[in-house]
1. So is GLU118 more than 17 Å from the chain's Cα centre (by Cα), under 30 Å from ASN282 (Cβ atoms) and surrounded by fewer than 17 Cβ atoms within 10 Å (Cβ to Cβ) or not?
2. Scan the range 270-290 and tell me whether some residue there is surrounded by fewer than 18 Cβ atoms within 10 Å (Cβ to Cβ), in a helix (DSSP H, G or I) and either under 16 Å from the mean Cα position of the chain (by Cα) or touching a residue at least 12 places away in the same chain (Cβ under 8 Å) (or both).
3. Working carefully through the options THR81, THR4, THR87, find the one that is exposed (fewer than 15 other Cβ atoms within 10 Å of the Cβ) and touching a residue at least 12 places away in the same chain (Cβ under 8 Å).
4. Can you work out which of the residues in the range 97-131 that are β-branched (Val, Ile, Thr) and touching a Gly at 6+ places or on another chain (Cβ under 7 Å) is modelled with the lowest pLDDT?
5. Which condition does ASP44 not pass, out of (1) part of a helix (DSSP H, G or I); (2) in contact with an Asp or Glu (Cβ under 8 Å, 6 or more places away or on another chain); (3) farther than 20 Å from THR139 by Cβ; (4) not small (Gly, Ala, Ser), if it passes all the others?
6. Assess whether ILE184 counts as being β-branched (Val, Ile, Thr), under 14 Å from the mean Cα position of the chain (by Cα) and farther than 16 Å from LEU40 by Cβ.
7. Is it the case that the range 12-30 has a residue that's in a strand (DSSP E or B) and surrounded by fewer than 17 Cβ atoms within 10 Å (Cβ to Cβ)?
8. Somewhere in the range 216-235, is a residue at positive phi and part of a loop (DSSP other than H, G, I, E, B)?
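The values are calculated or read from the model by the stated rules, or taken from the named source; none is laboratory data. Worth saying up front: this structure is predicted, and the values here are computed from it rather than measured. Please note: Cβ atoms are built from the backbone with ideal geometry, for glycine as well, and neighbour counts cover all protein chains shown.
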Amino acid sequence: MLFTSSGNKDTRSGFGAGLHELGRHNPNVVALCADLVGSLKMDDFIKENPERFFQVGIAEANMIGLAAGLTIGGKIPFAGTFAAFATGRVYDQIRQSVAYSNKNVKICASHAGLTLGEDGATHQMLEDIGLMKMLPNMTVVVPCDYNQTKAATLAIADYYGPVYLRFGRPAVPNFTPANQKFEIGKAQLLKEGKQVSIFATGHMVWKALLAADILEQQGVDAEVINIHTIKPLDTEAILKSVSKTQGAVTAEEHMMNGGMGDSIAQLLARKLPTPIEMVAVNDVFGESGTPDDLMVKYGLDTPNIVDAALKVLARK
């Protein structure tokens, strides 16, 4: 295994650590929350910068409107809530007040995907990447672990324009460097390979690395690339990889329709027609259960990535 984990940490804590650091170094950063401060790990920022925090209560649409207004005065608002509320509940406000006018708002969404677990289908947002990537001017970022989430939080403060930053609740392996530089729109090559390209995002990146290890034991040389920025997509890195391997697998904790795999499939269909398999939720809602059990039941586990890679090889 090329990468080893330094332990399991939740990505929402990476966001909290990044926001805390921004509070100390960037006086224009302000934070807003819709009654979920503890869940989004905003406490340290608030303790040191109470005058730069706005608790809007359970009023997410108002939060987005306030955030858009704050940008007019030069502030950089980080508006945080659960992914289900940060997108679906306030899509009109995001479209009209943020994306359309290209406001410098950072929409920070925790508790995304099936790994929200026992809270069930109503909160397990699996459509948010699709909703956000379709909006002109919107950048969509999905980091893979604690360290990368912290680095992404710092990076989006320096990037002008609307950003959707997606992270989660469960503790997951923390395997990327602590001092990394996060480059928006630049895919991260984690393992070189010659026979199949595995493109993964978010919690699925570690599973993709595990799958590559299993494939190697079976004599298959897989390349693993972390697509931490869904939009803008690193088309150059994707085409370079697939032109070499002639086969692609995508893996994401999101609906198959409208997700990262959808974007990569569109790119390959236009530029480099290639056998592709997608590991994602296939047009169903989730349910209540433990995160691990749900990932297995809905086909978002390491063996599913291995099977997808073998299917691609059979189609070449």
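1. Considered against the rule, which asks whether it is more than 17 Å from the chain's Cα centre (by Cα), under 30 Å from ASN282 (Cβ atoms) and surrounded by fewer than 17 Cβ atoms within 10 Å (Cβ to Cβ), GLU118 comes out as yes.
2. yes
3. Numbers: THR81 fails: exposed (fewer than 15 other Cβ atoms within 10 Å of the Cβ); THR87 fails: exposed (fewer than 15 other Cβ atoms within 10 Å of the Cβ).
Testing whether each residue is exposed (fewer than 15 other Cβ atoms within 10 Å of the Cβ) and touching a residue at least 12 places away in the same chain (Cβ under 8 Å) leaves just THR4.
4. It comes out as THR115.
5. Going through (1) part of a helix (DSSP H, G or I); (2) in contact with an Asp or Glu (Cβ under 8 Å, 6 or more places away or on another chain); (3) farther than 20 Å from THR139 by Cβ; (4) not small (Gly, Ala, Ser) one by one, ASP44 breaks only (2).
6. Yes: the conditions hold for ILE184.
7. no
8. yes
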